[in-house]
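The values are calculated or read from the model by the stated rules, or taken from the named source; none is laboratory data. The model shown is predicted, which means the values in this text are computed figures rather than measured ones. Cβ sites come from the backbone with ideal geometry, for glycine too, and all protein chains shown count toward neighbours. Side chains included, ligands, DNA and RNA excluded: accessible areas come from the protein's heavy atoms. Shrake-Rupley method; radii C 1.70, N 1.55, O 1.52, S 1.80 Å.
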2 protein chains.
Amino acid sequence: MNIGTASERSGLPPKTIRYYEDIGLMKAGRAENGYRDYSTEDVHRLRFLQRSRGLGFSVEECRQLLSLYDDKERESAEVKAIAEAKLAEIDRKLAELAGLRDTLQHLVRHCHGDERPECPIMDGLSGDHAAA
Amino acid sequence: MNIGTASERSGLPPKTIRYYEDIGLMKAGRAENGYRDYSTEDVHRLRFLQRSRGLGFSVEECRQLLSLYDDKERESAEVKAIAEAKLAEIDRKLAELAGLRDTLQHLVRHCHGDERPECPIMDGLSGDHAAA
DNA sequence: CCTTGACCTTCCAGTGACTGGAAAGTGTAG
DNA sequence: CTACACTTTCCAGTCACTGGAAGGTCAAGG
């Protein structure tokens, strides 16, 4: 199947699929006319990539995951370790983002938001106390 | 004061301060020897930038915020609108990240993580059911 | 006075993960 | 036959820095 179809079925834009090939993440066969040719298995690998990226794994982590995916002898412990590290990272990001949210919300709540120039948001961003 | 001192006091690396000057976000005076020269007010603006960026505002948003910061006649409503839009965006990101976390945690919890090759994480990443 | 080393300058290149667009070839439907 | 969608490659741009090279400046120690 052509790249357009593989794109639809995997949820990855054609540009991204070509990019993944460029960086050696996913190579496809070629038809006689020079067009890339994708098998159903290829589409599975693309979906795998689409999901992993969507779950926050970096391209390099996807490369690892993909090689484990291909390795039928791999140990599940290896996969679990990678996933757990990523989970911890997501938790860190969540906490950080929640902190930002609170600071910003505090600022917004205390701003009267009218035509006057006084603004606690500005004060909060420029002051020396607390914040992020 | 030199860029190194301004860097320490603002929390921004010298490279970043020069970069901000490059993109016209923050220009500094020059001493006779050609070194950049920062005033206390400059350091305040740098801190403002450091905080705003840390709170997730893009450089372009910081540019807006900074011009409002400089405009003593600005209306707080304007600032509030920008901050509220950013808050909504952070909430979206938080929800998305929480979703990822749940999916990944589910996967990790169901993986026995031993020497066997069977792995629910891999299945979850490659399968067609569910996931973010 | 000279050297050392920390600091400063500019400029160019690279990061991650794409995305956009140009120019040209291919396939298909009317 | 023509239009148009799809494909190819390649080059450039995005965002917000960051690294490094090559060279100028400055204060302290010998």
(request) Would you please classify the overall shape of the stretch B:1-105 from the alpha carbon gyration tensor, given that a ≥ b ≥ c denote the square roots of the eigenvalues, rounded means a/c under 1.5, and beyond that prolate means a/b larger than b/c while oblate covers the rest? (result) oblate
(message) What do you get for GluC sites (Glu not before Pro) in the stretch A:35-74 restricted to DSSP loop and a cutoff of at most 10 other Cβ within 10 Å of the site's Cβ?
(response) A:Glu73
(request) List the distances, in nm and shortest first, from the label point of B:Glu60 to the matching label points in every other copy, placing each point 7 Å from Cα along the Cα-to-Cβ direction. (result) 3.0
(request) Taking each label point as 7 Å beyond Cα in the direction of the beta carbon, state the distances from A:His110 to the same residue in the other copies, shortest first, in nm. (result) 4.6
(request) Over both sides of the A-B contact, add up the buried accessible area with a 1.4 Å probe and give it to the nearest 100 Å². (result) 4800
(request) Calculate for the protein assembly as shown the 222 nm mean residue ellipticity that helices alone would give, adding -39,500 (n - 2.57) per DSSP H run of length 4 or more and normalising by residue count, nearest 500 deg cm²/dmol. (result) -21000 deg cm²/dmol
(message) What figure, in Å² to the nearest 10, do you get for the accessible area of A:Tyr38 with a 1.4 Å probe and non-protein molecules left out?
(response) 10
(message) If I ignore ligands, DNA and RNA and count only protein heavy atoms, how much of A:His106 is accessible to a 1.4 Å probe, in Å² to the nearest 10?
(response) 110
(message) Could you report chain B's accessible area per residue, 1.4 Å probe, as an integer in Å²?
(response) 54
(request) Can you send over the carbon and sulfur percentage of the accessible area for the protein assembly as shown, probe radius 1.4 Å, protein chains only? (result) 48
(message) Just to verify a number: FRET efficiency for A:Glu115 and A:Ile82, C-beta to C-beta distance, R0 = 45 Å, to 0.05?
(response) 0.25
(message) Taking a ≥ b ≥ c as the square roots of the Cα gyration tensor eigenvalues, with a/c under 1.5 meaning rounded and otherwise prolate when a/b beats b/c, else oblate, which class fits the stretch B:79-132?
(response) prolate
(message) Assume the label is 7 Å from Cα along Cα to beta carbon: what separations in nm does A:Asp71 have to the matching positions in the other copies?
(response) 5.8
(message) Give the average over all directions of the projected area of the C-alpha convex hull of the protein assembly as shown, one decimal, in nm².
(response) 19.6
(request) Run the numbers on the stretch A:74-89: which residues show a drop of 20 Å² or more in accessible area, chain on its own versus all protein chains together, using a 1.4 Å probe over heavy atoms? (result) A:Arg74, A:Glu75, A:Ser76, A:Ala77, A:Val79, A:Lys80, A:Ala83, A:Leu87
(request) Extending each Cα 7 Å along its Cβ direction at A:Thr16 and B:Leu94, get the distance between those two points in nm, one decimal. (result) 2.6
(request) Give the residues of the stretch B:35-70 whose amide nitrogen is closer than 18 Å to a point set 7 Å from the Cα of B:Glu8 in the direction of its Cβ. (result) B:36-44, B:46-47
(request) Grab the Cα-Cα distance for A:Asp123 and A:Lys27, subtract it from 0.36 nm times how many residues apart they are, and report the gain in nm with one decimal. (result) 29.2 nm
